[in-house]
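Notes for the one structure printed next.
The values are calculated or read from the model by the stated rules, or taken from the named source; none is laboratory data. On a predicted model such as this, the values are computed, not experimentally measured, just so you know. Glycine gets a Cβ as well: all are built from the backbone with ideal geometry, and neighbour counts include every protein chain shown. Just the protein is used for accessible areas: all its heavy atoms, side chains included, with ligands, DNA and RNA removed. Shrake-Rupley method; radii C 1.70, N 1.55, O 1.52, S 1.80 Å.
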Amino acid sequence: MSRESRYLPVARRDLAEARRSRLFWGAFGLLFLLVVPSFWSMVTGLHAVENAAPAAVRAVGRIPGYLSTYLFLLVAALGYAAVASERESGGVRLLLSLSATRRDVLAGKLLARSVLLALVVGALLMLLGGLVAFGRGSLPVAGFGAVSVWVVVYALCWTAFATGLSAAFASQYRALAAVAGTYIVLAWNAPVWKAVLEPGLRAALPPDLHGYVPALNPTISLGFVAEWLLAALTPATSETGLGPTMISAGVVLFVAIVGPLVGYRLFQGADLG
């Protein structure tokens, strides 16, 4: 049996289960209610400003800010229990008995959760783009497309982190604590980052590299990279240079790699008794 034929059944089974998750759809409903009405109010309230980008461009630039915090709630709800719930219930032993390896289980979970997340977030972004077009009479298609792709990539990276890390734990609550705790430690406006990590990085790096410190925080990357992309494709401006932007994107990709790597390493050596 090929590797592909082993992890795809796991992915199909998990996608069907994830689609029925009340927690996930509850998180999405909360995201929808918190973002869409306030975003529409902002779009219709924008006014022309001299020497500034058109209102439609500025509205698109606000999308990452409206989604940043709430998007992680959706990611956490989708990913934290992906493998941990199977380990807790004993269902992982059934999956392993059907010729799947632990790597196949994790790969299938990652694929299923990523597909569902991309579909849901993509649909939400299309709605927000439609609100901009309807409210402002136009939509900067290239800028909106680039920002939307980055938002989906950012969400997928954190989904990979949460799903991968869930494999390290036999308890859903421990997995949730690990996923949420990581985000809370790194959150740009949280005490740990502002009082410890950011000052520590500035002290460790030469003064001419201090401008790169914000780019090292993966929770800031959503707006950081989106701002640069929008400025590259529209009349919008950005204070972010190409170097910090590339580092910021690289940090998020690192998050997407380290979660599954750590999770798989611990999952591989775990006693599933």
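One line per residue, one yes/no per condition, for (1) of a type outside the set (Gly, Ala, Ser); (2) exposed (fewer than 13 other Cβ atoms within 10 Å of the Cβ); (3) within 21 Å of Ala226 (Cα to Cα); (4) under 21 Å from the mean Cα position of the chain (by Cα):
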site: Asp14; (1), (2), (3), (4): yes, no, no, yes
site: Glu17; (1), (2), (3), (4): yes, no, no, yes
site: Leu30; (1), (2), (3), (4): yes, no, no, yes
site: Trp40; (1), (2), (3), (4): yes, no, yes, no
site: His47; (1), (2), (3), (4): yes, yes, no, no
site: Ile63; (1), (2), (3), (4): yes, no, yes, yes
site: Ser68; (1), (2), (3), (4): no, no, yes, yes
site: Ala84; (1), (2), (3), (4): no, no, no, yes
site: Val92; (1), (2), (3), (4): yes, no, no, no
Which residue is surrounded by the most Cβ atoms within 10 Å (Cβ to Cβ), if the candidates are limited to the range 106-162 and must be closer than 21 Å to Ala76 by Cβ and of a type in the set (Ser, Thr, Tyr)?
Tyr154
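Okay, residues lined up against (1) under 13 Å from the mean Cα position of the chain (by Cα); (2) within 19 Å of Leu30 (Cα to Cα):
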position: Ala77; (1), (2): yes, yes
position: Val105; (1), (2): no, no
position: Leu127; (1), (2): no, yes
position: Gly130; (1), (2): no, no
position: Leu139; (1), (2): no, no
position: Phe144; (1), (2): no, no
Across the range 133-152, which residue is farthest from Phe224 (Cα to Cα) among those that are assigned to a helix (DSSP H, G or I) and in contact with a Ser or Thr (Cβ under 8 Å, 6 or more places away or on another chain)?
Gly135
Going by the conditions given, is Pro206 of a type outside the set (D, E, K, R) and open to solvent by 40 Å² or more (accessible area, probe 1.4 Å)?
yes
Identify the residue in the range 238-272 that is more than 20 Å from Leu165 (Cα to Cα) and among the small types (Gly, Ala, Ser) and, among all such residues, is surrounded by the most Cβ atoms within 10 Å (Cβ to Cβ).
Ser248
Is at least one residue of the range 261-273 in a helix (DSSP H, G or I), under 22 Å from the mean Cα position of the chain (by Cα) and closer than 21 Å to Ser68 by Cα?
no
When the range 163-181 is checked residue by residue, the ones that are open to solvent by 40 Å² or more (accessible area, probe 1.4 Å) and either without any contact (Cβ under 8 Å) to a residue 60 or more places away in the chain or in a helix (DSSP H, G or I) (or both) are Gln172, Tyr173, Arg174, Leu176, Ala177
